[in-house]
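The structure appears right after this line, and notes come after that.
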Amino acid sequence: MAKFYVTTPIYYVNDVPSIGHAYTTTIADILTRWHRLQGDKTFFLTGLDENSQITIKAAQKKGFKDFGKYTDEMAEKWKKAWKELNISNDGFIRTTEPRHKKVVTEFFEKINKMGDIYKGNYKGLYCDSCEAYLTEKDLENGLCPFHKKPPKQISEENYFFKLSAYKEKVLAHIEKNPGFIQPKTRRNEVISFLKGEVKDVSVSRPGTDWGITLPIDEKQKVWVWFDALINYVSGSEGNWPAELHLLAKDILRFHCVIWPAMLMSAGYELPKKLFVHGFMTINGQKMSKSLGNVIDPLYLKEKYGLDAIRYYITREISFGEDGDFSENGLKARLNNELANELGNLVNRTLVMIEKKSAGKIPAAKTDEGLQKKLNLKKIEEQMEKLELHHALAEIFSFISACNQFVNEKEPWKLKGKELDTVLYSLADSLRIISILLQPFMPSTSEKINQQLGVKAAKLKECKFNLLKAGAKVKKGEILFKKVE
Ligand code: MSP
């Protein structure tokens with residue numbers, strides 16, 4: 001049994017999830033469910049990054065004196081949101097948990113033992129929102145490129161990690177393993193960064209009570225990024241190394257440079273793959289609190305139904321690249337692809353079987369011409385390459401082929417064996433479509449199964465003619481309501 005351990009970034013706890021956070025988490029969910037369909041042993045980890053100064057500011061703004069109480073309340077909100085979005089994570093890690101603190105302490109001690117930690121003076125720039133040390137080279141017009149604000153000038157005594165000592169080793173690993181960082185554009189970006197000057201990084205900060213105490217100096221706290229990255233080990237429940245880390249391009253360097261170096265120093269295996277996706281914009285604009293255009297995924301669920309959103313974000317954005325979210329685009333896909341294609345196919349198939357076959361699956365075999373329209377191998381390859389948008393398009397091209405099959409065969413004019421063949425072909429195809437859609441739209445898949453009277457199945461059951469004749473079907477409510 002293959003293992004599939006996938007992670008999302010652990011999100012800052014200062015706010016509730018946006019559609020951007022939901023994007024990465026939904027992709028992780030789809031991949032996990034796909035691996036479960038294959039029969040793999042999966043472990044899907046997500047969680048919260050709580051030891052940041054950002055947490056304190058958010059808690060204070062809301063009048064909390066007890067920051068732990070604040071993070072507890074926020075953590076419940078995140079967990080509830082993921083449940084409502086049908087996210088099937090196996091693990092959830094919070095960086096304020098004792099199990100995490102323990103692993104961070106051990107990890108730091110291992111690196112220290114290797115002689116990779118030294119005390120120094122950091123004088124330079126720091127962006128509070130990235131929680132990151134920046135150089136002049138990182139800035140755009142003097143501003144942090146992600147938060148569009150000037151970084152602070154700081155000068156403090158803290159401890160450094162000898163990142164420079166791992167530069168060649170990390171580079172060699174990336175060059176030897178072409179699939180380690182994907183897509184290629186991001187891999188190239190990391191390679192060119194590593195070929196330039198790589199400075200050591202500070203891994204602790206003085207002057208704060210919030211965070212994990214540095215094992216070698218109780219006046220310092222572990223720098224929040226050093227602490228946060230270790231969640232992938234501390235939350236792994238014995239599954240390390242991860243098969244896949246998912247993240248967006250905003251946190252590329254932490255994951256693709258610092259994290260592998262930390263693991264090498266502490267003597268851990270490296271993750272198998274890091275996939276760095278793009279940014280989701282809203283109607284062409286960056287999503288940000290200051291622009292007031294942050295979209296709550298729960299609001300979208302209420303308005304359009306969850307599976308329509310899961311479908312839209314996966315289909316619309318080429319996974320890896322930047323992409324745009326618009327409610328008009330969502331409505332168009334909901335009306336045309338979900339209601340007119342998938343919903344219609346389910347509805348017309350069930351109506352015909354109820355009317356023409358007394359609500360029972362007739363005894364027949366699936367039309368061979370129609371069978372050829374499903375390219376299962378291609379879908380499997382696309383999923384393997386993480387081209388989720390292509391895989392979904394391929395599944396929908398089979399759905400269109402089924403609708404076309406109805407239009408061409410005109411079953412309303414047929415009788416006897418010919419009619420049975422068409423009805424069986426459609427129901428058998430729907431059974432397979434439902435398996436393939438399960439990772440993307442789990443509750444839609446469940447509804448299709450209920451109507452067909454079949455149980456949830458695995459990928460190996462995506463073979464034609466497995467549907468039992470004589471089984472009773474039951475037409476349900478229409479799957480997707482159109483939105484004007
Ligand atoms: N806490 C750090 C991550 C530590 S991981 C060891 C952090 N948190 S965050 O809350 O800012 O989350 C950033 C991540 O959220 C992105 O890398 C991405 O996975 C997801 N996204 C948030 N908004 C997004 C978009 N608008 N578009 C795409 N991804 C989005 O950074």
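The values are calculated or read from the model by the stated rules, or taken from the named source; none is laboratory data. Since the structure is predicted, the reported quantities are computational estimates derived from the model, not experimental observations. In this analysis, Cβ positions are derived from the backbone assuming ideal geometry, glycine residues included, and neighbour counts consider all displayed protein chains. Heads up: the accessible areas ignore ligands, DNA and RNA and are worked out on the full protein's heavy atoms, side chains in. Shrake-Rupley method; radii C 1.70, N 1.55, O 1.52, S 1.80 Å.
Applying the criterion of being open to solvent by 20 Å² or more (accessible area, probe 1.4 Å) and among the hydrophobic types (A, V, I, L, M, F, W, C) to the residues of segment 281-292, the residue that is nearest to the ligand (Cβ to nearest atom) is 287. Looking across 251, 295, 258, one residue alone is open to solvent by 10 Å² or more (accessible area, probe 1.4 Å), assigned by TED's automatic domain parsing to the domain that holds residue 146, within 11 Å of the ligand (Cβ to nearest atom) and under 27 Å from residue 16 (Cβ atoms). It is 251. Applying the selection to segment 27-59, what residues are in a helix (DSSP H, G or I) and open to solvent by less than 10 Å² (accessible area, probe 1.4 Å)? Selection gives 27, 28, 29, 30, 31, 32, 34, 55, 59. Mind checking whether some residue in segment 114-127 is within 13 Å of the ligand (Cβ to nearest atom), under 30 Å from residue 192 (Cα atoms) and touching a residue at least 12 places away in the same chain (Cβ under 8 Å)? Within segment 114-127, one or more residues are within 13 Å of the ligand (Cβ to nearest atom), under 30 Å from residue 192 (Cα atoms) and touching a residue at least 12 places away in the same chain (Cβ under 8 Å). The set of residues in segment 1-13 being open to solvent by 10 Å² or more (accessible area, probe 1.4 Å), more than 8 Å from the ligand (Cβ to nearest atom) and at pLDDT 95 or above consists of 2, 3, 4.
Scanning segment 354-369 for residues that are more than 41 Å from the chain's Cα centre (by Cα) and not charged (D, E, K, R) yields 357, 358, 363. When each of 475, 455, 385, 413 is tested for being touching a residue at least 12 places away in the same chain (Cβ under 8 Å) and open to solvent by 50 Å² or more (accessible area, probe 1.4 Å), the lone residue that passes is 475. Can you find a residue that is of a type outside the set (Gly, Ala, Ser), touching a Cys at 6+ places or on another chain (Cβ under 9 Å) and within 14 Å of the ligand (Cβ to nearest atom) anywhere in segment 215-222? No: zero hits. Being near the ligand (Cβ under 9 Å from one of its atoms) and free of Cβ contacts under 8 Å to residues at least 40 places away in the same chain is a property that does not hold for residue 246.
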